[in-house]
Each structure stands twice: as C-alpha cells, then as structure tokens.
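Take a look at the structure below.
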Amino acid sequence: MRPPRGAPGGRPPPAATGRAAGPLSLARALSKFGYCSRRQAFELIRQGKVRLNGSTPKNPETPVRLDADHIEVQGHSLKPAGKIYLMLNKPRGIVTTASDEKGRDTVYSLLPSGLTWLAPVGRLDKASEGLLLFTNDSEWNARITNPATHLDKTYHVQIASLANPSLIEKLQRGVETERGETLRCKRASLLRSGEKNSWLELTLDEGKNRQIRRIFDTLGIEVLRLIRVSIGPLQLGHLPKGAHRPLTHAELAALNLAMR
C-alpha cells in the first residue's frame, strides 16, 4: 500500500480549526484527521496498526468522538488537520486516483509529499484536463459534488467536426443515448473553428459520469481535447499545467456563496 500522504515523518499538518463533537467511524476519523483516505484507513485498522484509547479495534466502523477519544497510528498520536482547499491544473494522461493498479501516474504525483491527506473533489478522466479541486473538508467536498447543488462547470472542448447552429441546438436540447438517457448541456457556444475541427464552450449543471464524452459518442463525433476551465465562479485562469495553488479566501467565499 502506498504510504498515506501526511503520515509521520512528513511536514506536520496545520493547526486544527475546531473539533467535531458527534460520533463517527474510526476509519472516517483517520480521514478527517488528514492522515489517509478512508479506504487506506480500513486497511490500517484491519492490520492492527490503529489504537483507540489504548485498545486495538479491528472494526473500521468502531464509533469514536474526535473531541474525547485518543487515536494512534503505528505509535503516533493524531490531531485534526486544518482545512485545506487546493486547485490543480490536471494534465492529460494523469488518472484521478490515489494509487493505480496499472502503475499509471496519478494526480497525487503532482502534489507535495508533505501535505496532509487530500481528496479530489469529483474527477476528471485520464484524457481530460483542467481544473480539479482537492480538500480534506469532506462536508465541503460533498456539497460541491452533490448534483442538487447545480453548480455550473464549464469546459472548452475540441471536436473533430465543424460545429454549426444545428449542433449547438442539439447539445442544449439534449441527445438520447442507447440506454434511453437524455444528456444535455445547460449552455453551448462556438469558440472558434479551423478547417476540420472546432472548439466549443460547454456548461453543465449536472454531475453525470463522462457526460460530455457520452453526448458526442452518441452523435458520432470524436472529442479531441476536453478542458475544465471553471467550477461555479472559480476560474482555472493562467495556472500552469501540472501546477497547483491554494484557493484564496475570496475564491472560497464565492464558491460557498454559489452553493447556497
């Protein structure tokens, strides 16, 4: 198993911003402390590497209280990590996962090794690029990715076809897949065209898996590039490919306001 990001030996996590009073599972507690992902926590607990108030529970669902219980992992006491919110310009060819059974490069190879554990906020598939968020705030992550939030996500998409008004209308009206599912874009517009391909700007307010690629597959049009350029009011801007930075207070406030 890949060593958890933020494990002992790395840079200590930021100071805590507060503790939750309600009970939660031991596995979730390790994730909330910023030690590792919940999946990695399950493995550590079942291997007997986690102690709770001096005992060694093997059940990852053991209830704990962050404000009262003492948790150790391999002899190291855990403390809650401060909230972290990062944006990354994901390059093409990188997978959005903590570890890959095929040995492919993951988005975590682009983050500093000393950071506390961060989870991606949603996903971009291997061939897609652009804005990807990371956080250790699981509640905020859930709000961003919840389809009920209807937070706009905007993409620049290059297709191997010359776009015309009819195509733009179809994208906004919706296309029906072989499974009988109707997929549509909230907004669609032409950015520019070449001799054999076009760049479109597409905005979605749904969170359906590979939605844009499935739309164009249904239409028989090849997607050459797909770049996410914004999530709600947050813009990718001029962040270099493969680079990351923390969200500013203003950006975080604007995102939170857009989800109300």
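The values are calculated or read from the model by the stated rules, or taken from the named source; none is laboratory data. Because the structure is a prediction, the values reported are computed rather than measured. All Cβ positions, even for glycine, are placed from backbone atoms using ideal geometry, and neighbour counts span all protein chains on display. Note: accessible area is taken over every heavy atom of the protein model, side chains too, but ligands, DNA and RNA are not part of it. Shrake-Rupley method; radii C 1.70, N 1.55, O 1.52, S 1.80 Å.
VAL121: among the aliphatic types (A, V, I, L, M) and within 18 Å of LEU234 (Cα to Cα), yes or no?
When the stated conditions are applied, VAL121 passes them.
GLU72 passes all but one of (1) part of a strand (DSSP E or B); (2) within 27 Å of GLY237 (Cα to Cα); which number fails?
Exception for GLU72: condition (2).
Touching a strand residue (DSSP E or B) at 6+ places or on another chain (Cβ under 8 Å), in a loop (DSSP other than H, G, I, E, B), modelled with pLDDT of 95 or more and open to solvent by 60 Å² or more (accessible area, probe 1.4 Å): is that true of LYS241 in this structure?
When the stated conditions are applied, LYS241 passes them.
With a cut-off of at least 3 residues that are open to solvent by less than 60 Å² (accessible area, probe 1.4 Å) and touching a helix residue (DSSP H, G or I) at 6+ places or on another chain (Cβ under 7 Å), name the strands (runs of 3 or more DSSP E) lying wholly within the stretch 134-224.
Per the criteria, 153-159.
Taking LEU202 as meeting all but one of (1) closer than 30 Å to SER166 by Cβ; (2) at pLDDT below 95; (3) out of contact with any Leu (no Cβ under 6 Å at 6 or more places or on another chain); (4) not aromatic (Phe, Trp, Tyr), write down the number of the exception.
(2)
For the structure I just gave you, tell me whether ALA258 is crowded, with 16+ Cβ neighbours inside 10 Å and either of a type in the set (A, V, I, L, M) or touching a residue at least 24 places away in the same chain (Cβ under 8 Å) (or both).
It is true that ALA258 is crowded, with 16+ Cβ neighbours inside 10 Å and either of a type in the set (A, V, I, L, M) or touching a residue at least 24 places away in the same chain (Cβ under 8 Å) (or both).
Among the residues of the stretch 28-68, count how many are open to solvent by 80 Å² or more (accessible area, probe 1.4 Å), out of contact with any Asp or Glu (no Cβ under 6 Å at 6 or more places or on another chain), more than 18 Å from GLU139 (Cα to Cα) and in a strand (DSSP E or B).
Number of matching residues: 1.
When the residues of the stretch 111-133 are filtered to those that are in a strand (DSSP E or B) and open to solvent by 10 Å² or more (accessible area, probe 1.4 Å), which remaining residue is nearest to LYS32 (Cα to Cα)?
ALA119
From the set of residues in the stretch 80-110 that are more than 23 Å from VAL229 (Cβ to Cβ) and among the acidic types (Asp, Glu), which is surrounded by the fewest Cβ atoms within 10 Å (Cβ to Cβ)?
GLU101
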